[in-house]
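Scroll down for the structure; my scribbles are underneath it.
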Amino acid sequence: MSMLAPYASHPERSRGRLHPEPERDIRGPRNIFQRDRDRIIHSIAFRRLRHKTQVFISPDGDHYRVRLTHSLEVAQIGRTIARALGLNEDLTEALCLAHDIGHPPFGHAGEDALEQAMKPFGGFDHNAQTLRTLTRLECPYPTWPGLNLSWELLEGLAKHNGPVSTPGWALAEVNDEFDLMLGEQPSLEAQIAAISDDIAYDNHDIDDGIRAGIIGIDQLLELPFVASRWEAISARYPDVKPRRLVSELTREQIGVMVNDVIDSTRTRIASVGVGSVEDIRDAGVMIGGFSPEMAGRERRLKAFMYRNLYHHPTQVEAAARANHIVAGLFEAYRTDPAQLPPEWLESLPTVEPQRSRHIADFLAGMTDRYASDRYREIFGETD
């Protein structure tokens, strides 16, 4: 690893894990953040991301992104920025890889259905579900629950979008057991993981939208930021068909955004006078992120994507079907828990809200395919 900046998270100064672990040299010379990353990669929850929706629900083509490929792309962007800023690349990568593990099947449509179903029982939030999955539900070790990840990783996942003043029940449970200092700013590694997520899906969703025929290149040109890049690319490659230049547009936009984050973060580090991890946490503002100009461009790009892709009639129709499946499964398992798999039925609590939260845990871990198959088994229909 390259030399770490004084404001980077250093593995030797980690606050450790909730459950003490014996040293085992036979498992390789890895530091605490490297072990975190590897535990995530080897987890069942991470593997399930390959069959969870990113934008398109149960896509027909093999070339569309899913949660797994999205997480890998976020990690690549995150490591690039972390390296340039002298941050801990391993912690940044681990945060990027883990950030979507709590997403239920069918993306935001599935989350909306679970959130509605769970309203009487404390609600549902995919970010809190990520921590719940990693600290309670994924149990590969013989003597403690969860993956027993470092404080820094859990803290970064809990508040990568900023301090949390009123945590929901799931996050509150994790925090009560292992105080994540929710009122402070997150590490700079966590902030970079969050902005890397934005950069990845802002640009890769465009690529998938064009591939699906929902977004046209001409539509994109209503955004001056995109239009200027497209004109420059088209001038460089005048004899290349436009569709083939979309990947070049994606690369260039990612590059421009990454460079903006690096430059802007360096500027804020200098202006705030950051010299340690504690300075990052006490700053009172997020240090890592876009310049004001790029932040405005990014907001307009998001608005365009919601208007033309995420809320497109075909997407709305697919989301309605997905919502119907998840809501139907939740009610079916609450009405007749005997339909749960044996290992889930055996551990089903007898009182509320724990009972319904247990069922929501089961549903949140489902892949799109598994949810559709279970719905078909129970109801004999697909929507």
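Values in this text are rule-based calculations from the coordinates and carry no lab data. These figures come from a predicted structure and were not determined experimentally. Neighbour counts are summed over all protein chains in view; Cβ atoms, including those assigned to glycine, are modelled from backbone coordinates with ideal geometry.
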*In whole angstrom, how far apart do the alpha carbon centroids of segment 251-272 and segment 301-372 sit?*
38
*Choose one of G162, M118, Y310: the residue whose Cα lies farthest towards the positive end of the charge dipole of segment 31-314 (beta-carbon charges +1 Lys, Arg; -1 Asp, Glu; about the Cα centre).*
Y310
*Work out the length of the dipole vector of the chain about its Cα centre, built from +1 on the beta-carbon of each Lys and Arg and -1 on the beta-carbon of each Asp and Glu, and round it to the nearest 20 debye.*
540
*asked:* With 10 angstrom as the radius, rank S9, S43, S187 by how many other C-beta atoms surround their C-beta, starting from the fewest.
replied: S43, S9, S187
*asked:* Can you find, among I32, T350, W230, the residue sitting farthest towards the positive end of the charge dipole of the chain, where Lys and Arg contribute +1 and Asp and Glu -1 at Cβ?
replied: W230
*At Y237 and Q219, where each label point lies 7 Å from the Cα along Cα→Cβ, what is the point-to-point distance in nanometres?*
2.2
_Output needed for the chain: three equivalent-ellipsoid semi-axes, defined as square roots of 5 times the C-alpha gyration tensor eigenvalues, in descending order, whole Å._
33, 30, 17
*Quick one: putting +1 on the C-beta of Lys and Arg, -1 on the C-beta of Asp and Glu, what dipole do you get for segment 104-261 around its Cα centre, in Debye to the nearest 20?*
500
_I need the phi-derived Karplus couplings for segment 217-227: 6.51 cos²θ - 1.76 cosθ + 1.60, θ = phi - 60°, integer Hz, Gly and Pro marked x._
4, 4, 4, 4, 6, 6, 9, x, 4, 6, 4
*Cβ-derived FRET efficiency at R0 45 Å, R300 paired with W344, nearest 0.05*: 0.50
_Full-stretch length increase - R30, S165 - with 0.36 nm per residue and alpha-carbon distance subtracted_ = 45.2 nm
